[in-house]
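Before any comments, here is the structure.
The values are calculated or read from the model by the stated rules, or taken from the named source; none is laboratory data. Predicted model, so just to flag it, every value in this text is computed and none were measured. Ideal geometry is used to build each Cβ from the backbone, glycine not excepted, and the neighbour counts take in all protein chains shown.
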Amino acid sequence: MLKEHLAKRCRSWKRHIAADGEPVDLPLHILDLIENNKYAPEPRTKFQSLLTVKGGDRITSMDLGQSPKFFAKGYQGREFFVTEQMMKLWNELENSEWSVQKCLSGPMGVGKSYISWFLVAKAYAHGWPVLYIADASKLSNCDTKTAASKLICQIFLSINKDILTASELKEMVAIETSKDPYVNSATCIFAELLQSRSQKALFVVDEHGALFPESSKSAPERFPFLGPLQTFNSWNNSNNARVVFSSTVRFAKLILRDASHYVEYVGPMSPDIFNKLLDVIIDNRYPTGRQHLNELRGEIQKATGCVPRELNIFFGEDIEGIELTANGIKQRLKDYEEDRKEQFLEILKNCYSKIEPIFQPTTRQALVDVFLQSKDHTGPPLDWRFYHFGIMYEYRNKGRSMIMKRPITPASEAALLGLYRLCPLPNDYICAARQNILQPAQFSDVFFQKLIKQNNIIFKSTNLAGKEEQLLELRVDGFEHLQDPPKRFGDEGKNILIHGGELPRFDFILGYTFIQVSISNFQKHNEGTAAIDLAFTDRKYSNGRNQIEYFLDYTYGGTHRAEMEITEVTKKTQAKNTGEGKSVIDKRDFKVTRDGVLCPDFMILYIRGKNDFDDKGNEVHRPNHTGKSRSIPR
């Protein structure tokens, strides 16, 4: 029997000269893969130019033997720009003393595949062993473990046969008597050759989410040897292992364990890189419209959110029939945003309908957090679908302590607002409102939804003493987050509701109306950083401006002066024991001018969500602050 086995082995094995010049006996099925050039990349020497690239450089992609889905299609072809995030990730892969595992998570169209290709190309140029699966759906579509493991072996050998030594190839076929030789070889690639003690190695899986379909078993469930593609726990055998999954938000949120340790959020391009990309598109495809496209590049950047996919849609095939004049481009921008808003809204409605009714109030609260989020806390998470379809993206705040969420374009934000308008108030809000026990965040939510849902609201207002009643109209035509520096809207933007965000003292700004929202009485609210006086007296902004001047100058243009004139007012008092006396009150008069002309529409509006009651239901703090009404008469 032994002689028969050895005879069969001699017939099925053949000598091969490895990259280090040493001979090694290999089974014919492995030799066939080595000689097969189906996934063979261009020589490493052609990638040497990548060794010195830096962020902002323009490069042309070369053939790695595979291409991701939709790669090199659209306006940019095989050329792309090296982003800051690409270089950051590569520097970590190259310089870390420990193993590195990353899960690229972000919406469709932000360039995750370009990041994956770049990392593989850099590693290939540096001579690292590399396994690059450009489209994981090919692996997921395999019917058997033999087909899946053979694909792994084929790709690995095709890209690395120029550097694999005889000892490495021998290790790969060590268990030649197995019924599943490809499975054993693929397992060796994962466990040994990509986790070498002697050199760094990189494993990248693009379109990784295809391995985990919603309605059927995942590829690792069907083929257990693919377990290392589901968890990073398998990649700690060597400090030289580098693993990157370019995956879906669904995988990062629902499947990956300890995701916070591994997720690298991918979002829009930086404005600098985006502008370089836009220059290339204009020069290559629309040189005759260069002047007007350059004049409107700010609007194009804003509308597309610095997202490559959105730029591709904006410069779609139908733009060829548009005259690239200033008016033609403006109309194109308007049509693009309207179309994308409608498309996004339909997607959102479909996503919302798939959420179980019991969880829909939580989704609504997560939507609120998109618009009224704070740097100090984040609300409940949104369903993964909201991110997957290119409507939202996530990023870490400056301190990297929290995950924030943001609409990816103005059209997606408008669609999210459209869905938010349709969401009914949760039952706990309604119960709390009836009992007059709304929490601060709940009241801000109710007030905000009222403003953007009805657009035009007329309600009664008074001074702080509850007197001098008058009708007040608030008209809202749009919504924006406050930026630093504030975004320029001009006079036509006075009906855009701006969320104050981290701006001290003011929760919302609508034209020249500065709004405070609270459930406390004004006397209690007007303390600390919320004190109105500081909006006038704290001149910490550029050119010695106070908060109000800084905002108004940037947002509406002109030069504003916001002053608070204080005069002492003496009032006679009558006490029971001491008789007649006097009290002195500092009366504050607010005066705002623009280019020296008085702004009569300036006002500070305090909106209170409830009165305070004792245990018996008796009101203990009425909104009548007579003293304050004399101190702050309007």
Next item on the list: Among what's in segment 154-194 and is among the acidic types (Asp, Glu) and part of a helix (DSSP H, G or I), pick the residue that is farthest from residue 44 (Cα to Cα).
Entry: 171
Checklist line | Subset of segment 508-541 that is of a type in the set (Gly, Ala, Ser) and surrounded by 14 or more Cβ atoms within 10 Å (Cβ to Cβ) - its residue that is nearest to residue 457 (Cα to Cα) | finding: 511
Check: Residues 329, 358, 322: which one is of a type in the set (A, V, I, L, M), free of Cβ contacts under 8 Å to residues at least 60 places away in the same chain and under 23 Å from residue 442 (Cβ atoms)?
Finding: 358
Margin query: outside any loop (DSSP other than H, G, I, E, B), within 19 Å of residue 253 (Cβ to Cβ) and of a type in the set (Lys, Arg): is that true of residue 421 in this structure?
Written below: no
Check: Only one of (1) buried (at least 20 other Cβ atoms within 10 Å of the Cβ); (2) in a helix (DSSP H, G or I) fails for residue 128. Which number is that?
Finding: (2)
Check: Is it true that residue 146 is of a type in the set (S, T, N, Q) and either at pLDDT below 95 or not in a helix (DSSP H, G or I) (or both)?
Finding: no
Notebook entry, point to check: Looking only at segment 212-229, which residues are under 19 Å from residue 119 (Cβ atoms) and surrounded by 23 or more Cβ atoms within 10 Å (Cβ to Cβ)?
Noted result: 229
Check: Residues of segment 415-446 being in the same structural domain as residue 507 (by TED's automatic domain parsing) and of a type in the set (Gly, Ala, Ser), which ones?
Finding: 432, 433, 441, 444
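For every residue, the table says whether it meets (1) outside any strand (DSSP E or B); (2) in contact with a Pro (Cβ under 8 Å, 6 or more places away or on another chain); (3) modelled with pLDDT under 95; (4) within 30 Å of residue 293 (Cα to Cα).
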position: 327; (1), (2), (3), (4): yes, no, yes, yes
position: 351; (1), (2), (3), (4): yes, no, yes, no
position: 362; (1), (2), (3), (4): yes, yes, yes, no
position: 367; (1), (2), (3), (4): yes, no, yes, no
position: 411; (1), (2), (3), (4): yes, no, no, yes
position: 431; (1), (2), (3), (4): yes, no, yes, no
Checklist line | Of all residues in segment 259-293 being at pLDDT below 90 and among the charged types (D, E, K, R), the one that is nearest to residue 109 (Cα to Cα) | finding: 285
Next item on the list: Kindly indicate whether any position in segment 345-353 is touching a residue at least 24 places away in the same chain (Cβ under 8 Å) and either exposed (fewer than 13 other Cβ atoms within 10 Å of the Cβ) or touching a Lys or Arg at 6+ places or on another chain (Cβ under 6 Å) (or both).
Entry: yes
Next item on the list: Might you check whether a residue that is outside any strand (DSSP E or B), basic (Lys, Arg) and touching a Phe, Trp or Tyr at 6+ places or on another chain (Cβ under 9 Å) occurs anywhere in segment 208-217?
Entry: no
Next item on the list: Scan segment 230-248 for residues that are buried (at least 23 other Cβ atoms within 10 Å of the Cβ) and either without any contact (Cβ under 8 Å) to a residue 40 or more places away in the chain or assigned to a loop (DSSP other than H, G, I, E, B) (or both) and jot them down.
Entry: 247, 248
Notebook entry, point to check: Given (1) touching a Leu at 6+ places or on another chain (Cβ under 8 Å); (2) without any contact (Cβ under 8 Å) to a residue 40 or more places away in the chain; (3) buried (at least 16 other Cβ atoms within 10 Å of the Cβ), where does residue 299 come up short, assuming only one miss?
Noted result: (3)
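Please indicate, with yes or no, whether at least one residue in segment 429-443 is touching a strand residue (DSSP E or B) at 6+ places or on another chain (Cβ under 6 Å) and under 23 Å from residue 365 (Cα atoms).
No, the conditions are met nowhere in segment 429-443.
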Margin query: Going residue by residue through segment 597-605, is there one that turns out to be at pLDDT below 75 and surrounded by 12 or more Cβ atoms within 10 Å (Cβ to Cβ)?
Written below: no
Next item on the list: Restrict the check to segment 252-259 and report whether at least one residue is touching a residue at least 60 places away in the same chain (Cβ under 8 Å), in contact with a strand residue (DSSP E or B) (Cβ under 7 Å, 6 or more places away or on another chain) and part of a loop (DSSP other than H, G, I, E, B).
Entry: yes
Note to self: If I ask for residues that are surrounded by fewer than 16 Cβ atoms within 10 Å (Cβ to Cβ) and hydrophobic (A, V, I, L, M, F, W, C), which ones from segment 363-422 would you list?
What the structure shows: 402, 403, 422
Next item on the list: Give the residue, chosen from 151, 194, that is in contact with a Leu (Cβ under 8 Å, 6 or more places away or on another chain), crowded, with 23+ Cβ neighbours inside 10 Å and hydrophobic (A, V, I, L, M, F, W, C).
Entry: 194
Next item on the list: Among the candidates 505, 488, single out the residue that is crowded, with 16+ Cβ neighbours inside 10 Å, assigned to a loop (DSSP other than H, G, I, E, B) and in the same structural domain as residue 560 (by TED's automatic domain parsing).
Entry: 505
Notebook entry, point to check: What strands (runs of 3 or more DSSP E) lie completely within segment 1-90 and have 3 or more residues being modelled with pLDDT of 95 or more and over 14 Å from residue 113 (Cα atoms)?
Noted result: 13-17, 23-27
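So which of 143, 162 is under 22 Å from residue 197 (Cβ atoms) and of a type outside the set (Val, Ile, Thr)? Spell out how you get there, then give the answer.
Values: 143 fails: under 22 Å from residue 197 (Cβ atoms).
Going through 143, 162 in turn, just one is under 22 Å from residue 197 (Cβ atoms) and of a type outside the set (Val, Ile, Thr): 162.
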Next item on the list: Output the residues belonging to segment 19-29 that are out of contact with any Phe, Trp or Tyr (no Cβ under 9 Å at 6 or more places or on another chain) and touching a residue at least 24 places away in the same chain (Cβ under 8 Å).
Entry: 19, 20, 22, 23, 24
